[in-house]
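The values are calculated or read from the model by the stated rules, or taken from the named source; none is laboratory data. Here the structure is a predicted model, which is why all the values come from computation and not from measurement. For neighbour counting, all protein chains shown are included, and Cβ atoms are generated from backbone atoms with ideal geometry for every residue, glycine included. These accessible areas exclude ligands, DNA and RNA; they are computed on the full protein's heavy atoms, side chains included. Shrake-Rupley method; radii C 1.70, N 1.55, O 1.52, S 1.80 Å.
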Amino acid sequence: MLVVGGSENPRLSAELVKSLAARLSEGTTKRFPDGESYVRLGTRVSGEDVVVVQSTRTDAALVELLLWLDAARRHGARRTLAVVPYLGYARQDRTFLEGEAVSAEAVARILDASCDGLVTVDPHQEHVLRFYRKPAQAVSAAGPIADRLRRESPGLVLAPDAGAAGRAAATAKLLGCPHDHLEKRRLSGTEVVMTPKSLDVRGKTVVLVDDIVSTGGTMVTAARTLREQGAARLLAACTHGLFVGDALERMKAAGYADVVATDTVESAASRVTVAPLVADAVRALLGR
Ligand code: R5P
């Protein structure tokens, strides 16, 4: 088995090579002055199962993934599997307003035609995998995230909104502590407070858990209110740390003692690897 590491995931690709006892393919990628991508495999892939690892955080990353998959197929790979640790465009899973695209389905159609199967981690909406006709599997990062948080002995796991409540519940169950989610309450035209639906945070180590941290705005707003409500210590954990701009710095400044993310998107906070879980899913999909 050969692993092709896309430019978004060199660390995770190296970990996957170890977990799968596979070989890492040589390859080059570059960007032309006009912004177009170029890839070239440096290892013969003929007759091999080829696993291309690339999160699709940006449009350019998505195109690079398509090019690697094309190169693998074109040069005789037996099967090509796309490992897309962070699956971009999964948030637009339906039309909310008239005239919109269903981005998750449009992206799925292209990826589906380009590989023999897909593995991803904590897609924003798991049902987007139904847009794939080829085998598509999601793994949950709750286990490795909980393993990392255990040493902090959290007293409460909180989701920033009802949509993330299931993730908080899964993490709390693994940690053996209670969970809750925040609810927004409008005090006036300009004033909004976020309070836990039913539990008290006073004096507790509270972990905020979400699937994605993008601008960090959700986490920063949550920190402000939780500190006002007397939380003793705040930690933030997410699967996909996009950390747009200075999001990480703003979160630290807002009072988070630590911010933990996985290596689906590589950043200074990527201190949890999803490689063993992804490797299991790859083996299952390839039947090896
Ligand atoms: C949205 O539904 C996601 O689960 C996250 O809550 C959201 O992407 C976080 O965005 P931001 O960090 O920009 O507040």
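If you model the stretch 12-66 as an ellipsoid using its alpha carbon gyration tensor, with each semi-axis the square root of five times an eigenvalue, the axes come out at 23, 14, 9 Å, biggest first. The aspartates and glutamates whose alpha-carbon is closer than 13 Å to the alpha-carbon of K18, local same-chain residues fewer than 8 away aside, are D280. For the chain, with the dipole built from +1 on Lys and Arg beta-carbon atoms and -1 on Asp and Glu ones, taken about the Cα centre, which of V3, S153, L66 lies farthest toward the positive end? Checking the options against the dipole of the chain, the answer is S153. Heavy-atom accessible surface of the chain, averaged per residue, reaches 46 Å², computed with a 1.4 Å probe. Which value, in Å² and to the nearest 10, is the accessible area of Y89 when all protein chains are kept and the probe is 1.4 Å? Its heavy atoms expose roughly 100 Å² to the probe. Can you give the % of DSSP beta bridges in the chain that are antiparallel, to the nearest 5? Roughly 20 percent of the DSSP beta bridges within the chain come out antiparallel. For the stretch 95-212, the relative contact order works out to 22 percent when only alpha carbon pairs closer than 8 Å and six or more residues apart are counted. Taking every C-alpha pair closer than 8 Å and separated by at least 6 residues, the mean separation divided by the residue count of the chain gives a relative contact order of 15 percent. Please list, or write none, the lysines whose alpha carbon is within less than 26 Å of the alpha carbon of K252, excluding same-chain residues fewer than 8 places away. Straight-line reach from K252, under 26 Å: K184, K197, K204. Only Cα sites of the stretch 236-288 enter the Debye sum here, all with the same form factor; the resulting log10 I(q)/I(0) across q = 0.17, 0.30 1/Å is -0.57, -1.12, listed in q order. Scanning the chain for DSSP H helices at least 20 Å long along the axis (C-alpha atoms) with a Kyte-Doolittle mean no lower than 0.0 picks out 59-74.
When the alpha-carbon atoms of the chain are used, the pair Rg, Dmax equals 20.0, 65 angstrom.
For the stretch 131-219, the spread of Cα coordinates along the three principal axes comes to 50, 34, 22 Å, biggest extent given first.
Each semi-axis of the equivalent ellipsoid for the stretch 44-164 is √(5λ) with λ an eigenvalue of the Cα gyration tensor; in descending order they amount to 29, 21, 11 Å.
Note on R11 and E36: with the Förster distance fixed at 25 Å, the Cβ-Cβ geometry gives a FRET efficiency of about 0.45. Positive contributions from Lys and Arg (+1) and negative ones from Asp and Glu (-1), summed over other residues with Cβ under 11 Å from the Cβ of M219, come out at +2.
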